[in-house]
Amino acid sequence: MNGSRHHRQQILAQVGERGQSRLRRSSALVVGLGGLGSPAALYLAAAGVGRLGLIDDQAVELSNLQRQVLYTEADLGRPKVEAARARLRAIDSELRVEAIAGTLRPDNAAVLAAAYDVLIDGTDAFETKFLLNDVAVLLKRPLVHGAVLQWHGQVLTVRPGDPCLRCLFREPPDPGDVQSCEEAGILGATTGVVGSVQAEEALKLMLGLPGVLAGRLFQHDGLSGETRVIPFPRDEACPVCSARPLIADLGRYTEQVSPRGHLVKPRG
Amino acid sequence: MTASLTGRQAERYARHLSLQELGPRGQQKLLQSRVLIVGVGALGSPASLYLAAAGVGTLGLCDHDAVRLSNLQRQVLHQTASIGQSKVEAGARALHALNPEVRIETHPYAVTAANALTLLAGYDAIVDGTDTFAARYLLSDAAYLAGKPLVHGSIFRIEGQVTDFVPGQGCYRCLYPEPPPPGLVSDSPAVGVFAPLPGIIGCIQAAETIKLLTGRGDPLIGRVLLHDSLAMTFREVRYRRDPACPLCGDRPAIRGLVDYEAFVQAAGSR
């Protein structure tokens, strides 16, 4: 058995043969196949997750290769989801990959999210991050949120009933208040740290293990070398996960949330 | 300064050029740097991928092993088609495909007391991706004697750690004066590894290497970062150069490389 593909993981007391076959029956939707999606998808494929949905509408560009280690120069110009599928299946040909060349939107999010056990946020668009959070809460699908900028990164996990992204940050920052990755820059290795933490969280969710970042925020600063996990409470007035949510119906999402992820203020 | 980067480099490294702490000067520094990665497995995979992507000019890969099926659960540099091939050759091909600008030097052998000083002499910084205590003590001693910074990383089951050993500011012996009793060595196929754990540790090693090469940020010198992947906790423990350290202390007893297998084996009987 020493020669088997997942032997070294299977002998972990927390995984075992049952856990390994549980991973094989599990699925994750990786939304965004860039800096975070690259390591997250690589480690989920390597770990033996059975099915991965990959969603991204972009093609591989030269400036991606500074951090998006899922791709090579030969992939330049190719849709990311296709290049990613080939790379992941080269690691494990038994992996099922559903490549979706598109974006996650309010009108397709529910159907897509319902088809997977765990949602992984690998996007760099605030509106998609908040949409994913809202979908996760309303559809009761576990979400592993991740975000990076410059040398900083963060991760949190939202299972049904856990405090959510909007408990911590009610709305996305206003455009102009934050710099984009293009403007501010990003260290590749930071995306690697954050995406790998997201993969750890996703595997623990699939295995039903405790110790996930529920109500806890992982914060990493590569420049100072400081990494910490800080608890955060539920916001009793959270617009999506509180007892009286403003956002309660995905079918009417665009009436409640602006295209940029902000809350549409009630009229009158 | 940007003038010295080609147009293609400016495009490839655009996200570094906008980083205040790197910018064109930092990128030039990376392009001129030489880094040796010892062990092209669980830790060496992410470390080498991110250092190659970042544009470190020359990467040395040192490993005596071939790719095995059971490696693929965590060693994301390798793929099924590489099974049976030398890890340094398979790794060199994968890194070249990612960034053909990076010069890859392959060292398809194990690092030993006989070759370590010569091997390390050719590089600016060393990344420890090995998985035995003997190799860790050997690399730490060799890096100190060769005057090179060493970015240490190790994983054991669900836990991992990272720290930087800069000559004169603490070494592996200051942190762990004695190896653990034989039998706890983590290269044993009887010890499990959670797949993404080496990704976290190896990527932090890559970031630390970039900081040491460019002189930016606060490297993990005299601080060891400890991670428990199942509890998802991180904690930092401070340590200092031990004045009584036999290697880097005030009265060093070790002035050359020793027999590390014997040192580790003897740990149980001391």
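Every number here is computed from the coordinates shown, using simple stated rules; none is lab data. Just so it is clear, the model here is predicted, and its values are computed rather than measured. Positions of Cβ are backbone-derived with ideal geometry, glycine not excepted, and every protein chain shown enters the neighbour counts.
Of all DSSP beta bridges in the stretch A:27-122, what percent run antiparallel (nearest 5)? Intermediate values should be presented prior to the final figure.
On the way: 1 of 15 bridges.
The answer is about 5 percent antiparallel.
Residue B:71: net charge of surrounding residues, Cβ under 10 Å, Lys/Arg +1, Asp/Glu -1, itself excluded?
With Lys, Arg at +1 and Asp, Glu at -1, the net is +4.
To check my understanding: the extent here is largest minus smallest coordinate of the Cα atoms along each principal axis. What are those three numbers for chain A, in Å, largest first?
Reported extents, whole Å, longest axis first: 67, 41, 39.
Helix B:87-98 sits at what angle to the longest principal axis of chain B, using alpha carbons and giving 0 to 90 degrees rounded to 10?
Around 30 degrees separate the two axes.
How would you order B:234-246, B:55-67, B:139-151, A:51-63 from highest to lowest mean count of nearby Cβ atoms within 10 Å?
Put in order of decreasing packing, that is B:139-151, B:55-67, A:51-63, B:234-246.
If you take every residue apart from residue A:117 with its C-beta less than 11 Å away from the C-beta of residue A:117, what net charge results, scoring Lys and Arg +1 and Asp and Glu -1?
So the surrounding residues net to +4.
Output the peptides A:130-142, A:103-115, A:28-40, A:81-93 sorted from most to least packed, where packing is the average of other Cβ atoms within 10 Å over each peptide's residues. Each step should come with its number before you reach the end.
Values: A:130-142: 23.3, A:103-115: 16.6, A:28-40: 29.4, A:81-93: 19.6.
Highest to lowest by the protection proxy: A:28-40, A:130-142, A:81-93, A:103-115.
Using a Förster distance of 60 Å, how high is the FRET efficiency between residue A:17 and residue B:4, based on the Cβ-Cβ distance and rounded to 0.05?
With R0 = 60 Å, the Cβ-Cβ based efficiency is 0.60.
How long are the semi-axes of the ellipsoid equivalent to the stretch A:92-156, from square roots of 5 times the Cα gyration tensor eigenvalues, in whole Å, largest first?
20, 17, 12
Just to be sure I understand the model, the point goes 7 Å from the Cα along the line to the Cβ. What's the resulting residue B:176 to residue A:105 distance in nm?
Output for this residue pair reads 5.4 nm.
For residue A:115 and residue A:219 in one chain, what is 0.36 nm times their gap in residues minus the Cα-Cα distance, to one decimal in nm?
The residue A:115-residue A:219 span can extend by a further 34.5 nm.
What relative contact order, as a whole-number percentage, does chain A give when Cα pairs under 8 Å and 6 or more residues apart are counted?
Dividing the mean separation by the residue count of chain A yields 19 percent.
In peptide A:32-44, what is the residue-averaged number of other protein chain Cβ atoms found within 10 Å of each Cβ?
3
Compare the peptides A:222-228, B:47-53, A:18-24 by average per-residue count of other Cβ atoms within 10 angstrom and give them in order, highest first.
B:47-53, A:222-228, A:18-24
Count the DSSP beta bridges whose two residues both fall in the protein assembly as shown, then state the antiparallel fraction as a percent rounded to the nearest 5.
Rounded to the nearest five, the antiparallel share is 50 percent.
Once both labels are modelled 7 Å past Cα along the beta-carbon direction, what's the residue A:242-residue B:156 spacing in nm?
It works out to 4.7 nm between the two label points.
Which FRET efficiency, nearest 0.05, do residue A:61 and residue A:255 yield, Cβ-Cβ r, R0 45 Å?
Working: r = 36 Å, r/R0 = 0.79.
Approximately 0.80, to the nearest 0.05.
Enter the Cα centre distance for the pair the stretch A:193-268 and the stretch A:30-76, rounded to the nearest angstrom.
22 Å
When only C-alpha pairs under 8 Å and at least 6 residues apart count, what is the relative contact order of the stretch A:26-65, in percent? All intermediate terms of the calculation are to be shown ahead of the outcome.
Working: 36 pairs, mean separation 21.5, N = 40.
RCO, the stretch A:26-65: 54 percent.
Counting DSSP beta bridges with both partners in chain A, what percentage is antiparallel, nearest 5?
In chain A, DSSP labels about 50 percent of beta bridges as antiparallel.
Please give the charge dipole size of the protein assembly as shown, origin at the Cα centre, charges +1 on K and R Cβ atoms and -1 on D and E Cβ atoms. Round to the nearest 20 debye.
The calculated dipole for the protein assembly as shown is roughly 560 debye.
Taking K and R as +1 and D and E as -1, what net charge do the other residues with C-beta under 10 Å from the C-beta of residue A:182 add up to? If you can, show how the numbers build up before the last one.
Working: positive: B:15; negative: A:124, A:183.
Here the count lands on -1.
Between residue B:96 and residue B:239, what is 0.36 nm times their sequence separation minus the Cα-Cα distance? Round to one decimal in nm.
Numbers: separation 143, 0.36 × 143 = 51.48 nm, distance 3.80 nm.
Here the answer is 47.7 nm.
Taking a label point 7 Å from the Cα of residue A:139 along the Cα→Cβ vector, which residues of the stretch A:89-122 have an amide N closer than 16 Å to it?
Residues A:98-122 qualify, since their backbone N sits under 16 Å from the label point.
What relative contact order, as a whole-number percentage, does the stretch A:182-251 give when Cα pairs under 8 Å and 6 or more residues apart are counted?
The value is 16 percent.
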